[in-house]
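Encoded as structure tokens, the structure appears first; notes follow it.
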Amino acid sequence: MILSRQHAEEIFAKVLKYSTADETEAIISSTAYALTRFANNTIHQNVAEEGGALSVRVVLDRRMARASTNKFDEASIRHSCEAALALARLQPPDPELLPMPGPQTFRAVHRFRKETAQLTPQARAETVRRVIARAEKDGLTAAGIFSSGCFAMGLFNSRGLSAFHEETVSEFSVTMLDESSSGWAKKTSPNCRELQPEALAERAARKALESRAPREIEPGKYTVILEPAAVLDLLGYLFSDFAGLAIHEKRSCLTGRVGQQVFGANINVRDDVYHPRQSGAPFDGEGVPRQRVTLIEQGVVKGVVYARQTAHKTGAEPTGHGLPLPNEIGETPVNIVMEGGRTSIQEMVRSTKRGLLVTRLWYIREVDPYQKILTGMTRDGTFWIEDGKVQYGLRNLRFNQSMIEMLGQVEMMSPPERAAGEETFDMVVPAMKVRDFSFSSLTKF
Amino acid sequence: MKDFAQQALETARARGASYADVRVMDIRQRYLSTKNGQPAQVRESESSGLGVRVVAEGAWGFAATDDLSRASVDRTAAQAVTIARASALCQKHAVSLAPETKVVDRWLAPCRLDPFTVPVSTCLDLLLKVDAELRRVEGVTLAEAVLDFRRIEQLFVSSQGSEIYQVKTQTGAGFVATSFLGNEIQRRSYPNSFGGQYQTKGYELVEELDLVGQAPRIAEEAVALHRAAQCPSGVKDIILGSGQLGLQIHESIGHPIELDRVLGSEANYAGMSFLTLEKLGQLQYASPIVNVVADATPAHGPGLGTFAYDDEGVPAQCTPIIEDGLFVGYLTSRETAAAIGQPRSSGAMRAEAWNRIPLIRMTNVSLLPGQGTLEELIASTDDGIHMETNRSWSIDDRRYNFQFGTEIGWEIKNGKVTRMLKNPTYAGITTEFWNACDAICGPEAWTLWGTPNCGKGQPPQTMGTGHGASPARFRKVQVGVAYKD
């Protein structure tokens, strides 16, 4: 049974009964989630879970601590309050700690779909059966997941702040494998009816079939067309640097670069939880309403996000992007919306003399934190383009590429779409055509 | 715990499960950290619940709940059977498990000093002392230190009559000094990156690490890296410190030997493996001096992959993986062992928590020691680079092509360390790299490292794994490739 607002408020009333702190906050949540997983054209894992969480933060004489439990009974609530109080008493005071925020007003977002919350294991299995049939039609092997679930979260504090959000999630991803090649496609949405699993299966199958018998190219700098999932997974390693505390502590690649022309003039990015293709709650980890923040405007680093504590420290205004306290990170943008262009991927291919089309990237890691050099591999559908046409599949390549340089070399963009990968959170991003993307080596498949 | 577990088993049986196992878990964590002179995170959490895994109509189902009431346990067990019947709609072959005998046992991992009894104020005092030592060095712009304690109490019961109670206490500790200067961020970590050292031990691990004593050296290295020469690009002999080598083992041996990857179970997410079945007993994985085991037994040491029984009730084992360079073994489960005709699981099924199914995970995948000291190894190297402490890591989805970066390097010329190098990276192909290993230091330089953050599975699971290693040398390796223009 998913948590209602009324139930969450009742739990918080009990928290206040047991907390003797100067200030008390509780984050109360519950989740019901199920995932059907298939591989080798069969369902091999099929799981469901239900659970809740109560996380109590107390402040006592400017000493702060948090204690959590996954039980809502009276004894567990009391124990969490006492544990948080005991932890708080044992530490030195923080003279910079702000009082908790008072009551806030939130703009509503509607991200709960009953049809997603009610999706059954039988319905997921029937969909998977059709996807497997598509694989078998061409002698392919399918692997993937179909998941659905819902969660609810309330955030309350003793100064009268009261916030509540509920949302459904669904995801379908599929990898189609041939003997020498593979293809992949994925989609997520609060509404399971938007996933279109069979269309995704068709797309993954076509990629696997069209990249059969992949050839090798020499590593080097090439024009690449990055599909939205590839763009997303790269950008995920950049936008955590758009955080006020990261800059204040000089661990961000934007240290000394805010207000400067860092990227190409065609790059425009904002953080916008209210975008219709975005997901998540309209408040942050302290219950502060999320604001739209322009991060990059015509290539200039225009803004960064701030938690209340960071904003106070740096003389800025909070933007509603703080993480639950206490934490080391401060804040982070999580609803990235990148403006795109009007060029389709097909048009990008037609405009390319020699280059690569990349479906997705894999195992991306930061090599250099200030130059923002990332390394990683292509995966599940990498193609050679010549004279405006996709010619054949390629063996996968390793890249080493600075994100700062890459976002100065974007030649074309598609309209943005909600994209999902495996390395970061979902974003609204376009496909991109990028010149001089740097590949350093090949692998054996 | 036992009542809930038995009740779930009975319900699963009554609903038609041909096999069922139940794990009831209680997990407690305390996480304490400091940053630039102040406590950063001071928090505790507790999570308990029950997971029911069943086979019905020849297919798998799993359901989990944190509501340990009689009604909820019944509902969860019934749900697992319903899910298994849905799986059967898309089933090619009925699930078959390698045989395993019934076990009734209990095991408590050795823990000399319970970390949950150490006053929080004592822990924070220690972290703040480390913090002060780090920030005493001019040029350190960020000082971070952490202590992380976890207790995992678990009861496993199965429809075959097994009943296994285990308790593990795990401790992690470490710190990081970061220095920003000009257009460069440099970082040094101790005793390892990404949280430090983790073992299945009590607070005694913290006492062994001498965190305060090591802080000045680490802080000075972080600042000195700004003045160091850039790691050159080219082909060099490299010596990997044991911490970095632990991660090299993890990525390029530990993951490829997981038989579920080999058989395609992870094709959509974590990936597959180049170690296809015909390579078992045939592939010269490494040079003849290389011997690797996957050893979960307490005799191997207090690794994060140490236990008495895995999460299918299979006893911990020491499985030879590479013998004299030859590939000889996989990490297996009861299902995958049966699939390739092996008589028994190697005991490598592990679940992150009560709400996750067990998957094949690394236990302690360790490189057995050779001989000699690090100093002797450096003295016998003409033109090389000694690299220590991981900074970045990446490998393809079949585990061939890898690239690693480390926090620090030292140039070696004619058997002597000549200067510090910054931004070291190296890259290669797994089997070529391991066949280029020509020296492994001895047992006195061997450390059983903990990797607390290994991700796998959908929904994702994070697992701690162990990796024993002593410093080793690899000939003619591509270095500096990440920064090559």
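The values are calculated or read from the model by the stated rules, or taken from the named source; none is laboratory data. It should be emphasised that the depicted structure is a prediction, and the values quoted were computed from it without experimental measurement. Every residue, glycine among them, receives a Cβ derived from its backbone with ideal geometry; neighbour counts consider all protein chains shown.
Please tell me if A:Tyr363 is outside the structural domain of A:Asp387 (by TED's automatic domain parsing), modelled with pLDDT of 95 or more and among the hydroxyl-bearing types (Ser, Thr, Tyr). No; evaluated as a whole, the condition is false for this residue.
The condition of being more than 30 Å from A:Ser182 (Cβ to Cβ), touching a strand residue (DSSP E or B) at 6+ places or on another chain (Cβ under 9 Å), facing chain B (nearest Cβ under 7 Å) and small (Gly, Ala, Ser) holds for A:Ala67.
Looking for whichever is at the interface with chain B (Cβ under 10 Å from one of its Cβ atoms) and either modelled with pLDDT of 95 or more or crowded, with 19+ Cβ neighbours inside 10 Å (or both) here; the options are A:Ser162, A:Ser158, A:Ser173. Which one fits? Outline the logic, then answer.
On the way: A:Ser162 fails: at the interface with chain B (Cβ under 10 Å from one of its Cβ atoms); A:Ser158 fails: at the interface with chain B (Cβ under 10 Å from one of its Cβ atoms).
Answer to the check: A:Ser173.
Among the residues making up the range B:450-478, those that are closer than 19 Å to B:Tyr190 by Cα and assigned to a strand (DSSP E or B) are B:Gly450, B:Thr451, B:Pro452, B:Asn453, B:Gly464, B:Thr465, B:Gly466, B:His467, B:Gly468, B:Ala469.
In this structure, A:Pro92 does satisfy being in a loop (DSSP other than H, G, I, E, B), within 14 Å of chain B (Cβ to nearest Cβ) and closer than 12 Å to A:Leu60 by Cα.
If you filter the range B:375-398 down to residues that are assigned to a strand (DSSP E or B) and closer than 17 Å to B:Lys413 by Cβ, you find that the one that is nearest to the other protein chains (Cβ to nearest Cβ) is B:Met387. Would you call B:Tyr309 under 30 Å from B:Glu46 (Cα atoms), surrounded by fewer than 24 Cβ atoms within 10 Å (Cβ to Cβ), within 14 Å of chain A (Cβ to nearest Cβ) and modelled with pLDDT of 95 or more? No. Applying the condition of being under 21 Å from the mean Cα position of the chain (by Cα) and at the interface with another protein chain (Cβ under 10 Å from one of its Cβ atoms) to the range B:399-426 and asking which residue is farthest from B:Pro232 (Cα to Cα) yields B:Arg399.
From the list B:Asp324, B:Asp295, which one is under 18 Å from B:Ile440 (Cβ atoms), at pLDDT 95 or above and surrounded by fewer than 19 Cβ atoms within 10 Å (Cβ to Cβ)? So that I can check it myself, show each step before the final result.
Working: B:Asp295 fails: surrounded by fewer than 19 Cβ atoms within 10 Å (Cβ to Cβ).
Selected residue: B:Asp324, the only one of B:Asp324, B:Asp295 that is under 18 Å from B:Ile440 (Cβ atoms), at pLDDT 95 or above and surrounded by fewer than 19 Cβ atoms within 10 Å (Cβ to Cβ).
The residue pairs whose first member lies in the range B:436-448 and is assigned to a loop (DSSP other than H, G, I, E, B), whose second member is buried (at least 21 other Cβ atoms within 10 Å of the Cβ) and aromatic (Phe, Trp, Tyr), and whose beta carbons are closer than 7 Å, counting only pairs six or more residues apart or on different chains, are B:Ala436/B:Phe474. None of A:Phe106, A:Phe72, A:Phe38 is in a loop (DSSP other than H, G, I, E, B) and within 11 Å of chain B (Cβ to nearest Cβ) except A:Phe72.
Taken over the range A:120-144, the residue count meeting the criterion of being surrounded by fewer than 23 Cβ atoms within 10 Å (Cβ to Cβ) and of a type in the set (A, V, I, L, M, F, W, C) is 2.
What number of residues within the range B:1-40 satisfy the criterion of being within 30 Å of B:Thr117 (Cβ to Cβ), in a strand (DSSP E or B) and either in contact (Cβ under 8 Å) with a residue 12 or more places away in the chain or of a type in the set (D, E, K, R) (or both)?
Taking the range B:1-40 and keeping what is within 30 Å of B:Thr117 (Cβ to Cβ), we get B:1-5, B:23-40.
Imposing the further condition that a residue be in a strand (DSSP E or B) reduces the set to B:23-35, B:38-40.
Now restrict to residues that are either in contact (Cβ under 8 Å) with a residue 12 or more places away in the chain or of a type in the set (D, E, K, R) (or both): B:23-35, B:39-40.
Count: 15.
Determine whether B:Pro460 is within 11 Å of another protein chain (Cβ to nearest Cβ), surrounded by fewer than 24 Cβ atoms within 10 Å (Cβ to Cβ) and out of contact with any helix residue (DSSP H, G or I) (no Cβ under 9 Å at 6 or more places or on another chain). In short, yes. Taking the criterion of being among the small types (Gly, Ala, Ser) and in a helix (DSSP H, G or I), the residues of the range A:232-259 that qualify are A:Ser240, A:Gly244, A:Ala246. Just one of the numbered conditions (1) farther than 13 Å from A:Ala143 by Cα; (2) in contact with a Phe, Trp or Tyr (Cβ under 9 Å, 6 or more places away or on another chain) is not true of A:Ala185: (1).
Within the group A:Val131, A:Val47, which residue is at the interface with chain B (Cβ under 7 Å from one of its Cβ atoms), in contact with a Leu (Cβ under 9 Å, 6 or more places away or on another chain), of a type outside the set (Ser, Thr, Tyr) and more than 22 Å from A:Asp284 (Cα to Cα)? Please lay out each step first, then the result.
On the way: A:Val131 fails: at the interface with chain B (Cβ under 7 Å from one of its Cβ atoms).
Sole residue among the options that is at the interface with chain B (Cβ under 7 Å from one of its Cβ atoms), in contact with a Leu (Cβ under 9 Å, 6 or more places away or on another chain), of a type outside the set (Ser, Thr, Tyr) and more than 22 Å from A:Asp284 (Cα to Cα): A:Val47.
Within the range B:237-259, the residues that satisfy the criterion of being of a type in the set (Val, Ile, Thr) and under 19 Å from B:Pro424 (Cα atoms) are B:Ile238, B:Ile239, B:Ile249.
Residue-by-condition table, conditions (1) more than 14 Å from chain A (Cβ to nearest Cβ); (2) assigned to a loop (DSSP other than H, G, I, E, B); (3) over 29 Å from B:Leu421 (Cβ atoms):
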{"position": "B:Val95", "(1), (2), (3)": "no, yes, yes"}
{"position": "B:Ala98", "(1), (2), (3)": "yes, yes, yes"}
{"position": "B:Cys111", "(1), (2), (3)": "yes, yes, yes"}
{"position": "B:Ser121", "(1), (2), (3)": "no, no, yes"}
{"position": "B:Lys129", "(1), (2), (3)": "no, no, yes"}
{"position": "B:Val146", "(1), (2), (3)": "no, no, no"}
{"position": "B:Glu153", "(1), (2), (3)": "yes, no, yes"}
{"position": "B:Thr169", "(1), (2), (3)": "yes, no, yes"}
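Counting only residues that are more than 17 Å from A:Ser80 (Cα to Cα), facing chain A (nearest Cβ under 8 Å) and among the aliphatic types (A, V, I, L, M), the range B:23-46 holds 1 of them.
Selection within the range B:166-177: residues that are touching a Pro at 6+ places or on another chain (Cβ under 9 Å) and either at positive phi or not hydrophobic (A, V, I, L, M, F, W, C) (or both). The member of this set that is surrounded by the most Cβ atoms within 10 Å (Cβ to Cβ) is B:Thr171. Looking only at the range B:115-161, which residues are within 30 Å of B:Gly51 (Cβ to Cβ) and among the acidic types (Asp, Glu)? Answer for the range B:115-161, where residues must be within 30 Å of B:Gly51 (Cβ to Cβ) and among the acidic types (Asp, Glu): B:Asp148, B:Glu153. Just a yes or no: is a residue in the range B:69-76 crowded, with 21+ Cβ neighbours inside 10 Å and under 17 Å from A:Thr36 (Cα atoms)? Yes, the range B:69-76 contains a residue that is crowded, with 21+ Cβ neighbours inside 10 Å and under 17 Å from A:Thr36 (Cα atoms).
Among the candidates A:Asn335, A:Asn327, single out the residue that is without any contact (Cβ under 8 Å) to a residue 60 or more places away in the chain and more than 20 Å from A:Arg435 (Cα to Cα).
A:Asn327
B:Trp60 meets the stated requirement of being crowded, with 21+ Cβ neighbours inside 10 Å and either in a strand (DSSP E or B) or away from every other protein chain (no Cβ under 13 Å) (or both). The set of residues from the range B:256-272 being more than 11 Å from chain A (Cβ to nearest Cβ) and either part of a loop (DSSP other than H, G, I, E, B) or out of contact with any strand residue (DSSP E or B) (no Cβ under 7 Å at 6 or more places or on another chain) (or both) comprises B:Pro256, B:Ile257, B:Val262.
Among residues of the range A:425-445 being more than 7 Å from every other protein chain (Cβ to nearest Cβ) and among the small types (Gly, Ala, Ser), the one that is surrounded by the fewest Cβ atoms within 10 Å (Cβ to Cβ) is A:Ser438.
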